[in-house]
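Values in this text are rule-based calculations from the coordinates and carry no lab data. Everything numeric in this text was worked out from a predicted model, so none of it was measured. Glycine gets a Cβ as well: all are built from the backbone with ideal geometry, and neighbour counts include every protein chain shown.
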Amino acid sequence: MNVIVESCKVGDVEISVETGKLAKQTTAVLIRCGGTAVLVSAAASKETKDLPFLPLTVEYREPSYAGGKIPGGYFKREGRPTDQEILGARCIDRPVRPLFPKSFRHDTQIIATAVSNDRQNEPDVLAITAASAALTLSTLPWEGPIVGVRVGRLRGRLVAFPTFDQQQECDIVLVVAVSRDAIVMVEGGANQAAEDDMIDALMFAKEVAQPLIALQDRLRERAGKPKMEWVEPVSDPELQQAVFAHAEGAFRDGLAILGKHERHDALSAASKATIAALSERFPEREGEIKSALHKLEKKLVRQRVIREKVRIDGRGFADIRPIYIEPHPLERPHGSALFQRGETQAMVTTTLGTETDAQRLDTIRGDVTRAFMLHYNFPPFCTGEVKPIRGQSRREVGHGALAERALRWVIPNRDKFPYTIRIVSDTLESNGSSSMAAVCGGCLSMMDAGVPIVAPVAGIAMGLMQEGEDIAVLSDILGDEDHLGDMDFKVTGTEKGITALQMDIKIKGLTRTILRDALYQARDGRLHILGKMLEALPAPRPDISQYAPRIVTIQIKVDKIRDIIGPGGKTIRAITEQTGCVVNVDDTGRVTLASENPMSITRARQLIEGLTAEAEVGATYHGIVKRIVDFGAFVEILPGTDGLVHISELEEGRVERVSDVLREGDDVVVKVLNVDQSGKIRLSRKAAFGVDPSQVMNMRG
C-alpha cells in the first residue's frame with residue numbers, strides 16, 4: 001500500500017488527511033481530527049445519462065460503532081438516515097454540486113462515513129473537506145478544492161472547530177464552506193448576533209481554512225489521478241440566434257406578467273411555439289432549443305434587474321411583498337397562525353405537551369431529549385403540482401432545521417415554561433422562501449399559544465445578481481429570482497440581532513462590503529416583517545390555551561425522590577391513577593404535574609407534598625393514631641412519618657391510661673415539640689388545644 005498522509009494545523013486543531021490505504025477500488029480519503037475520523041469516497045459511472053441535471057447523490061452516516069455504542073431499540077443496526085445525517089449530507093452537497101461542469105451527466109456518488117467519533121470533534125464538518133479531497137484526487141472534472149470549517153464565538157473569541165462541549169457555550173456557531181477565493185456556503189445560528197459580528201465570523205472562517213486548501217494541493221501533487229478530459233458543449237450560435245430571435249418578444253411580454261402561474265403559462269406557451277416553429281429547421285434538437293430558451297430567460301431577467309432596476313414582479317430591490325397575518329385561525333390547536341407574504345402562504349400550529357411528549361433520540365452520546373421541535377411540510381399542491389408523497393424529503397428536513405434553529409434561541413427556559421413545544425408548518429402556497437414563512441408563522445403560533453418567548457423572530461430570503469461590476473441585492477426573493485440569481489441567503493432574527501443564517505453562493509469574490517450591504521438590507525426587511533407581525537399580535541397571550549395541559553413544577557429534595565416513585569414505580573402510578581394527573585420526576589428532584597383539570601393538579605400536589613414533607617417544629621398537624629403503648633401514642637402526621645405523644649402530653653391533667661383518651665385509628669390534632677438528630681419526633685396533644693383550625697396541616701393524603 002502506498003499510503004500518503006498530509007496534515008496541517010487550523011487554529012488550535014491538528015487535522016490530517018490520508019489516502020491509499022482504505023477503499024482502494026475507488027477514490028477515498030480518511031480525515032482525522034482528535035479521535036474523530038471520517039472516510040469519504042467519490043465515484044462516478046463510466047457512462048453518461050440522458051438527464052437535464054447532474055445526477056449527484058451524497059450520503060452521510062454516523063454509525064453507532066464509531067462511538068463504541070450499540071444502537072438502542074429492537075433492531076440492533078442502523079436504519080434510514082437520521083435528520084442529523086440528512087443535514088450533514090446537505091452540507092456536503094450544497095457547496096460541492098455547483099463546482100461540477102454544468103453539462104456533466106455521469107452518475108456520481110459521494111459517501112461519507114464517520115468511522116470513529118470521540119464525541120467532541122464533530123465529524124460532519126470534516127466530511128465537507130474530505131469530500132473535496134476525494135474529488136480533487138479523483139479523475140472527475142471538478143473545480144475545487146473547498147474546505148468546511150465550523151466557527152464558534154466562545155466568550156467573545158472566534159475559534160475554529162470548537163468541540164461539542166465548547167459549542168454549548170458559544171453564542172455564534174456556523175458551518176462555513178470556503179474555496180481558495182470565496183465563501184461558498186454558510187449554515188448556522190447565533191444568539192441575536194449583530195450583522196458585523198456575523199461577517200467577522202465568516203471572514204475568520206475564510207482565513208483559517210487556507211491551510212486546508214494548501215493541504216489538498218499537496219495531496220493532489222502526490223496522489224492525484226489524471227483528470228478526465230471534459231469540454232463543455234459549445235452552443236450552436238445559429239440555433240441560439242434563431243431561438244432568441246423567435247422567442248425574445250414573447251418572453252419579454254411574459255416576464256412582465258406579475259402573477260407566478262400566469263407568467264409561467266405565458267413563458268411555457270412561448271417555449272412550445274418556438275420549439276414547434278424551429279423543429280423543422282433544427283430536427284431532433286429539442287433539448288438544445290430548450291437549453292437556449294432557458295439561457296434567454298436568464299439573460300432577460302438579469303438584464304431587466306441589473307440594467308432597468310426592475311424585478312420580475314415589478315418591485316424595487318428592497319421592497320417586501322404584501323403581508324397578510326391571521327392569528328388563531330384554528331380553534332382547537334393550542335396556538336396557530338396564518339402567514340402570507342405575496343404568493344407564499346403557511347399555516348403554522350403550536351402544540352404544548354408534557355415531558356413525556358419530548359422526543360427521545362438514540363445518539364452517539366446516548367439518549368438525547370428534544371423538548372422543542374419544528375416540522376416543515378411542503379405538499380405538492382402548494383405549487384399546483386401533482387406528485388406522490390413518500391415521506392419527508394431531504395429538502396423538508398433542511399428547511400425545518402433552519403426554521404427550528406431560528407426560533408430555538410428565543411425559547412423560554414424550562415424552569416420558567418416546562419412544556420414540550422412542537423411547531424408544524426404546512427406550506428399551502430409557495431413562490432419563494434416558504435422556510436421563512438415557517439419562521440414567522442412559527443413565532444406567531446407560539447405567541448398565540450401563550451409561550452413567553454424571549455423576543456419575536458422574523459425571517460427573510462435575500463438574493464443577489466451580479467453582471468461585471470454591477471450588483472443588485474434583492475429582498476424577499478421569488479422562486480424564479482432564486483433559480484436565476486447568483487446567491488440566495490436566508491436571515492432570521494429579532495429586533496436585536498441574527499438567530500440563523502443560511503447562504504448558498506455561486507459567484508467568486510464576494511467582498512466584505514457586498515456581504516455587509518446585503519446583511520444590512522436583510523435587516524431592514526426583517527424589521528419591516530417583524531413590525532407587521534407585531535401589528536397582528538403585539539405580545540404572547542397572557543395564558544395558554546384552554547385545551548393545553550396545565551403544568552405545575554415542584555422542587556423536592558433528591559433523597560425524597562424514592563418516596564414519590566415507590567418500589568417499582570408503585571407510588572407514582574398510584575398518584576396518577578388517583579388524580580388523573582401525569583407526574584414526572586427527574587434526577588434533580590424537579591417534579592412536574594400536568595393535567596387539563598386544575599383540580600387534578602391540586603390533588604396530586606397535595607399527595608406529593610405529603611409524601612415529601614418533613615415535620616416542622618412548632619407546626620400543628622392533623623394526624624391519625626397508629627399504635628397505643630403504655631407510655632403514649634404513636635401518631636402519623638405525614639405519610640410514613642409518625643411521632644410519639646407522651647402520656648404527659650395528652651391532656652392538661654394527669655392521665656392514668658393512654659386508652660382513656662385515645663384509641664388506634666382516632667383522628668387527632670398534635671403539635672411538633674421537637675425533632676432530634678436521629679429523626680425521632682416528639683408530639684403534644686395538649687399543646688394543640690385552641691389552635692385555629694385553618695393553621696392545622698393535613699398532609700397524610
Worksheet item: From the residues Leu402, Gly156, Ser116, which one has its Cα farthest along the dipole of the chain in the positive direction, the dipole being from +1 and -1 charges on Cβ of Lys/Arg and Asp/Glu about the Cα centre?
Response: Ser116
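Sorted from fewest to most neighbouring beta carbons within 10 Å, what does the list Asp563, Asp470 look like?
Fewest-to-most Cβ neighbours within 10 Å comes out as Asp470, Asp563.
If you place +1 on the Cβ of every Lys and Arg, -1 on the Cβ of every Asp and Glu, and leave all else neutral, what size is the dipole of the range 620-697 about its Cα centre, to the nearest 20 Debye? Display every interim value, and only then the final one.
On the way: 10 positive and 13 negative charges, 31 e Å.
Taking the Cα centre of the range 620-697 as origin, the dipole is about 140 debye.
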Discussion item. Given Cβ point charges of +1 (Lys, Arg) and -1 (Asp, Glu) and nothing else, what value in debye, to the nearest 20, does the dipole of the range 198-327 about its Cα centre take?
Written reply: 340 debye
Practice prompt. For the range 100-148, calculate the relative contact order in percent as a whole number, restricting contacts to Cα pairs under 8 Å that are 6 or more residues apart.
Written response: 39 percent
Discussion item. Projecting each Cα onto the charge dipole of the chain (Lys/Arg +1, Asp/Glu -1 at the beta carbon, about the Cα centre), which of Ala131, Ala276, His375 comes out farthest on the positive side?
Written reply: Ala131
Item to complete: Using only Cα atoms, find the angle between the long axis of helix 286-306 and the longest principal axis of the chain, and express it within 0 to 90 degrees, rounded to the nearest 10.
Response: 70 degrees
Fill in: Which of His106, His334, His264 has the fewest Cβ neighbours within 10 Å, and the rest in rising order
His264, His106, His334
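Count neighbours as other Cβ atoms within 10 Å of each site's Cβ, and list the trypsin sites (Lys or Arg not before Pro) in the range 70-167 that are DSSP loop with at most 15 such neighbours. Write out the running numbers ahead of the final one.
Values: sites: Lys76, Arg77, Arg90, Lys102, Arg105, Arg119, Arg150, Arg153, Arg155, Arg157; in loops: Lys76, Arg77, Lys102, Arg105, Arg119, Arg155.
Hits after loop and neighbour filter: Lys76, Arg77, Lys102, Arg155.
Rounded, prolate or oblate: which fits the range 368-451, taking a ≥ b ≥ c as square roots of the Cα gyration tensor eigenvalues, rounded meaning a/c under 1.5, else prolate when a/b beats b/c?
Numbers: a/c = 2.58, a/b = 1.92, b/c = 1.34.
Here the range 368-451 falls in the prolate category.
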Response to the item:
the range 1-55: relative contact order from alpha carbon pairs under 8 Å, six or more residues apart, as a whole percent, is 23 percent
Worksheet, complete the sentence: By Cβ neighbour count within 10 Å, fewest first, Cys382, Cys170 rank Cys382, Cys170
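Using only the alpha carbons of the range 550-612, what is the convex hull's orientation-averaged projected area in square nanometres? Don't skip to the end; give the middle numbers.
Working: hull surface 14.1 nm².
Over all viewing directions, the range 550-612 projects a mean Cα-hull area of 3.5 nm².
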Practice prompt. Round to the nearest 10 and give me the degree value, 0 to 90, for the angle of helix 195-223's Cα axis relative to the longest principal axis of the chain.
Written response: 60 degrees
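State whether the range 620-697 is rounded, prolate or oblate according to the following rule on the C-alpha gyration tensor (a ≥ b ≥ c being the square roots of its eigenvalues): a/c under 1.5 gives rounded; otherwise a/b larger than b/c gives prolate, and the remaining case gives oblate.
Rounded.
Mind putting a number on the dipole of the chain about its Cα centre? Charges go on the C-beta only, +1 for Lys and Arg and -1 for Asp and Glu, and I need it in Debye to the nearest 20.
My answer is approximately 1000 debye.
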Discussion item. Ignoring everything except DSSP H segments at least 4 long, calculate the 222 nm mean residue ellipticity for the chain; use -39,500 (n - 2.57) per segment, divide by total residues, nearest 500.
Written reply: -10000 deg cm²/dmol
Worksheet entry | Straight-distance crosslink candidates among lysines, where the alpha carbon sits under 18 Å from Lys309 and sequence neighbours closer than 8 are dropped | Lys298, Lys299
Fill in: Partner lysines for Lys496 [C-alpha distance under 20 Å; skip if fewer than 8 residues away on the same chain]
Lys532
Worksheet, complete the sentence: When the charge dipole of the chain is computed with +1 on Lys and Arg Cβ and -1 on Asp and Glu Cβ about the Cα centre, the Cα farthest towards its positive end, among Val176, Val582, Gly188, belongs to Val176
Worksheet item: Expressed as a whole number of Å, what is the distance separating the alpha-carbon centroids of the range 152-228 and the range 345-396?
Response: 29 Å
Worksheet item: Using DSSP loop states and a limit of at most 14 other Cβ atoms within 10 Å to flag chymotrypsin sites (Phe, Trp or Tyr not before Pro), what is the longest stretch of the chain containing no flagged site?
Response: 231-546
